[in-house]
1. Remind me, relative contact order of chain C in percent, using alpha carbon pairs under 8 angstrom and six or more residues apart?
2. Is any helix in chain B, taking whole DSSP H runs, at least 15 angstrom long along its axis by alpha carbon and on average at least 0.0 on the Kyte-Doolittle scale, and which ones?
3. Given a 1.4 Å probe and no ligands, DNA or RNA in the count, how much accessible surface is buried by C and A, both sides, to the nearest 100 Å²?
4. Taking 8 Å as the Cα distance limit and 6 or more residues as the minimum spacing, I'd like the relative contact order of chain B as a percentage.
5. List the residues of region B:34-67 for which accessible area in the full set of protein chains is at least 40 Å² lower than for the chain on its own; 1.4 Å probe, protein heavy atoms only.
6. Accessible area per residue for region A:3-219 in Å², computed with a 1.4 Å probe and the full protein assembly in place, what is it?
7. With θ taken as phi - 60° and the coefficients 6.51, -1.76 and 1.60, list the Karplus ³J(HN,Hα) couplings across region C:10-19 in order, rounded to whole Hz; mark glycine and proline as x.
8. Ignoring ligands, DNA and RNA, please state the percent of accessible area on region C:60-192 from carbon and sulfur, probe 1.4 Å.
Amino acid sequence: MTYFSYFKAECLVLFRRKQNLVNALLFFALVIVLFPLGVDPSKAFLAPAAGGIIWCAAALATVISLESMFKEDYADGSLEQLLVSGLSISWLVLLKVLVHWLGMIIPLLLLTPIFSEMLFLPDGVLGVLMTTLLLGTPGLFLIGSIGASLTVSLRQGALLMLLLILPFYFPIIIFSTSAIQAVASGLPYSGLLAIIGAISLLALVMSPLMTPICLKASVR
Amino acid sequence: MQSNISLTISDLWIERGDRDLCKGFSLTATSGDIIHILGDNGAGKSSLFKTLFGLVSPVEGEVQLNGEDVLSYRDPLLKQSLYISHALGLKSVFTVLENIRWYFPKVSEADIARVLSLLKIEGYLDVPIKALSAGQTRRVALARLWLSDLPVWFLDEPFSALDMVSIQLLEGRIREHAEQGGIVFFTSHQPVTLLSPRRVELTA
Amino acid sequence: MSWSWFHKLGSPKWFFQWSKKWAPPVFCLGVLGIVVGTAWGLAFAPKDYLQGNVFRIIYLHVPSAILAESCYLSLGIAGFVFLVWQMKMAPIFIKAMAPIGAVMAAIALFSGSIWGKPTWGTWWVWDARLTSVLVLFMLYMGIIAIQNALDDRVLADKAAAVICVVGVINLPIIKYSVVWWNTLHQPATFSFMKKPDMPEVMWMPLLICVVSFYLFVAGLVIWRMQTEILRREHRASWLKTEVVGDGI
Ligand SMILES: Nc1ncnc2c1ncn2[C@@H]1O[C@H](COP(=O)(O)OP(=O)(O)OP(=O)(O)O)[C@@H](O)[C@H]1O
Ligand SMILES: [Mg+2]
């Protein structure tokens, strides 16, 4: 087993299990639809809230899609084989997160313009919304991988993972929606983008340290 | 393959839950050794293997590979050994060929075809793993023994679910590996016929 | 500096014997301090000239809010110690401390909203402090939930330690983001009780309350740790002699 063969295998798994990804994206869409239906479909409400709605939906969809990240590997013993392969488990985790992130972010970026149109996102804000998604979602995925590894041995882990992980998503969501509001009201926002990037970088340090600990403790 | 390897386990104490599985367990294996680990169900055979690979932490004890401690820093052991556990480590979304390719990206098509025909699964190359029988699935996992060049093997009940012909084939492969200077640890509840392994009993 | 205290602290046996001596006085001192501090604060401290008697809830609110954060910090340190040095006492501490911290956060939330009603006119405002205590409470509940969800004790210990460490690293960021978010949404309309310096008669009982809350929690956590040690080490022979020696 090499890092590259692992990467290829992960891509293939993602492709074979594409329904999971489709489900996560449908969930993303449904959460967005909840807001006009459940709160208010008027432009006056939706336009300022659009960025926040899209971000909350993206965060929830991320948790839901990551929950099963290590489950199948855990059940069929390939996680055990990864742990004894002599390869660095931190790098393997990063590769896996990368594959999952790529699989999610590309369709998400394609869907975002459509939904932002439906939510009356103000003109000129879409670019910043896409940038915050691009900068912030790596953080969501990296922190999410820690949660996924904590709950890997549980049959019903999704709810627990939401409880554990969502609080850590608050800063990313807050700064992203703030950046969107800042640009909508003509304020500078580049500092906020830098903060979002910094949080993702911190997650990039934390996740490869913490995820292997939980994975090793789970396979016994 | 490296021809003189030694693995020394000394005074190993493994505890799971609140039960001692073994205490003061010692064993030395050198190149050419075949070691059959015996014990009742739940005696701790699988746990012993897992301890060596760091999946279970021992209470105390030492494990040395060529005189080097591998309990605190496991890389030397991991890089030298092949471990097939109860869970076979085959991805059910993959076909037979993809599973083997995943483990051995560099091995040639011809070698894979040769091994698979030896194991009589050459007709199933593009069949998903989940569509195979229990014995066939195990044979796919065991194909790693013919393709890998790692010297130390840990096989957890490799014979279960196999038919007579496959068992003999596997025993032959184990003997060949030992003759080439490897070390094989295996557990099995059935007696082996072709091999004359050293028998080590695990008792609490 | 000698590290022997560190190794001693890692041994359940040493800790158990040490704690039998220390838990009762610490706990009693804490309770006494709380009684004295609150009595002084409630009955003898003067009224706040802006808020009247309502402000007196400060003697409950401030100590519990401080404790809620301190407890989380201590969980993070314990988690780090466990992940790095595998110290046996660390997960016992986490197990004992997490519910106490959660209760402290809950008290801070309740007293905060009781205080908020007369002061701000609502039970709840999305004030930066209240919100971050709410998040803190959720973090505590997460730790408790993961400990209960995982049956395997070794795994549960590791998982709780990991989530504590991740939490402590992220807590400043979460707090900072909440403060930031708050100033964005709520320009500081409510300036409350910020006379720059309270008179001594007002902060003296507050100080007593804070210190005795610390003592109270310390005593409580040591007791809970003893219970957890009893549960985990029930096979150890020192524990049997200990328990028999106590005539239980
Ligand atoms: N994941 C686990 N968590 C806690 N205890 C376990 C776990 N797996 C096994 N055990 C306990 O460890 C002991 C040894 O199990 P192990 O699987 O090592 O036995 P074994 O000798 O391989 O048995 P078998 O012949 O059935 O394969 C058993 O008593 C079992 O209850
Ligand atoms: Mg077994």
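1. Computed over chain C, the figure is 36 percent.
2. Those that clear 15 Å and a mean of 0.0 are B:134-147.
3. Chains C and A together bury roughly 2600 Å² of accessible area.
4. It comes to 32 percent, rounded to a whole number.
5. Those are B:Leu55, which lose 40 Å² or more relative to the chain on its own.
6. For region A:3-219, the per-residue accessible area is 39 Å².
7. x, 9, x, 5, 4, 4, 4, 5, 5, 6
8. 71 percent
The values are calculated or read from the model by the stated rules, or taken from the named source; none is laboratory data. Predicted model only: the values in this text are computed from it and were never measured. Ideal geometry is used to build each Cβ from the backbone, glycine not excepted, and the neighbour counts take in all protein chains shown. For accessibility, only protein heavy atoms count, side chains too; no ligands or nucleic acids. Shrake-Rupley method; radii C 1.70, N 1.55, O 1.52, S 1.80 Å.
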